[in-house]
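Comments concern the structure below.
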Ligand code: ATR
C-alpha cells in the first residue's frame with residue numbers, strides 16, 4: 001500500500017494516515033517518533049496526534065473507517081473503551097483487557113496491545129537477555145502492570161510476585177495469571193523479603209514520576225547485588241528508584257525502551273516492515289533532552 005513514495009518526503013495524494021488519540025495528547029512523543037520511522041523506511045505515511053474526548057470516541061472510529069486511517073495508537077483514557085468499537089481483538093489484548101494499537105484492514109478494525117511485548121523486548125535487549133527461570137517482583141497492579149505481567153508470563157519466569165498498595169488488585173491479577181505462570185500476590189510487609197530474592201524488580205506505579213522525582217516505590221537497598229531494577233517511568237529517565245538501585249550494585253533499566261518498542265511493534269503490525277528502533281529512540285531522546 002505504500003509503493004508510491006512522495007517526492008523528497010512530501011505529503012502527496014498517496015500518503016497513508018496514522019495517528020494517536022488521547023485526552024490529553026499534546027505531550028505525546030509518538031508523532032515525532034513515528035514520523036521518523038516512516039521517513040527512515042521510506043514509507044509514504046504521516047502520523048498526527050488527535051485530541052479525542054471520551055464523548056467523541058465513536059465519531060472518531062467512524063472517521064477512521066471513512067477516511068481509511070491505517071493505524072492508530074490509543075492512549076489514556078481510551079485503552080478500555082476503544083475495545084467495544086473493534087471488529088476483532090487480538091487474544092493477547094483481550095487477556096490484558098486493553099487495546100493500545102488499532103490496525104485498519106480495509107475497514108475491519110483489529111485491536112492489539114503492544115505495551116507488554118514492547119516492555120519485554122526492551123527488558124531483554126537492554127538489561128536481561130533471558131527471563132526464563134527468573135524471580136520477578138512487580139510493584140503495582142494497574143493497567144500498565146497488567147500488560148507487562150501477561151507478556152512476562154510468556155517468558156517462563158520461575159515466579160512473578162505482585163505487590164500493590166491495594167492488595168485486592170494484586171490478588172486478582174495473580175489469580176488471572178493462573179495456568180500461564182507461577183504467580184502470587186503479597187502484602188507490603190513481605191515486599192522486603194521478596195525483593196531480597198528477586199532477579200528483577202519492576203516499578204509499574206507512577207511513584208517517582210515528574211514532578212515528584214524524590215519518591216521511590218521501594219527501598220532499593222533491599223535488592224540483591226546484580227539484580228535488575230526496572231522502572232516503566234521515562235520522565236525522568238533515571239528515577240530515584242533506579243539511581244538508588246545502581247548505588248546498591250544493581251543494573252538499571254528505564255522506561256524509555258518500552259515506549260520505543262510499543263511503537264515499534266505498532267509500526268510492524270501496520271506496515272509489515274521492521275521498525276527502525278535505533279532512529280526512533282534517537283528522535284525521542286533528542287526531544288526529551290530539549291524539554
Ligand atoms: P496505569 O495504567 O499507569 O497502571 P492505573 O491503572 O491507575 O495506571 O494503576 C496505577 C498503579 O500505581 C496502581 O497499582 C496503584 O495502586 P492502587 O491500586 O493501590 O491504586 C499504583 N499507585 C499509584 N500511586 C501510588 C502511590 N502513591 N503509592 C503506591 N502505589 C501507587
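The values are calculated or read from the model by the stated rules, or taken from the named source; none is laboratory data. Because the structure is a prediction, the values reported are computed rather than measured. Positions of Cβ are generated from backbone atoms using ideal geometry, with glycine treated the same way; all protein chains shown enter the neighbour counts.
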Counted residues in segment 160-183 being over 24 Å from residue 258 (Cβ atoms) and either within 12 Å of the ligand (Cβ to nearest atom) or touching a helix residue (DSSP H, G or I) at 6+ places or on another chain (Cβ under 7 Å) (or both) come to 3
Can you pull out the residues in segment 282-291 that are assigned to a helix (DSSP H, G or I) and over 15 Å from the mean Cα position of the chain (by Cα)? 282, 283, 285, 286, 287, 288, 289
Filtering segment 47-56 down to residues that are more than 18 Å from the chain's Cα centre (by Cα) and buried (at least 19 other Cβ atoms within 10 Å of the Cβ), which residue is farthest from the ligand (Cβ to nearest atom)? 47
Residue hits (segment 196-206; touching a residue at least 40 places away in the same chain (Cβ under 8 Å), within 15 Å of the ligand (Cβ to nearest atom) and either farther than 20 Å from residue 251 by Cβ or not in a strand (DSSP E or B) (or both)) are 204, 205
Any hit, segment 87-98, residues being within 15 Å of residue 232 (Cβ to Cβ) and not assigned by TED's automatic domain parsing to the domain that holds residue 67: no
Return only the number of the condition from (1) out of contact with any strand residue (DSSP E or B) (no Cβ under 7 Å at 6 or more places or on another chain); (2) away from the ligand (no atom under 15 Å from the Cβ); (3) not in a loop (DSSP other than H, G, I, E, B) that residue 150 does not satisfy. (2)
Check on residue 241, buried (at least 23 other Cβ atoms within 10 Å of the Cβ), more than 30 Å from residue 110 (Cβ to Cβ) and either in contact with a strand residue (DSSP E or B) (Cβ under 6 Å, 6 or more places away or on another chain) or not assigned by TED's automatic domain parsing to the domain that holds residue 128 (or both): yes
Out of 174, 181, 229, report the one residue that is in contact (Cβ under 8 Å) with a residue 12 or more places away in the chain, buried (at least 16 other Cβ atoms within 10 Å of the Cβ) and assigned to a loop (DSSP other than H, G, I, E, B). 181
Note: among 275, 264, 279, 245, just one is part of a loop (DSSP other than H, G, I, E, B) and modelled with pLDDT of 95 or more, namely 275
Could you list all residues from segment 72-102 that are more than 14 Å from the ligand (Cβ to nearest atom), farther than 14 Å from residue 113 by Cβ and not in a helix (DSSP H, G or I)? 87
Of the numbered conditions (1) within 17 Å of the chain's Cα centre (by Cα); (2) assigned to a helix (DSSP H, G or I); (3) away from the ligand (no atom under 16 Å from the Cβ), residue 144 fails exactly one; give the number of that condition. (3)
Qualifying positions in segment 210-235 - under 18 Å from the mean Cα position of the chain (by Cα) and modelled with pLDDT of 95 or more: 229, 230, 231, 232, 233
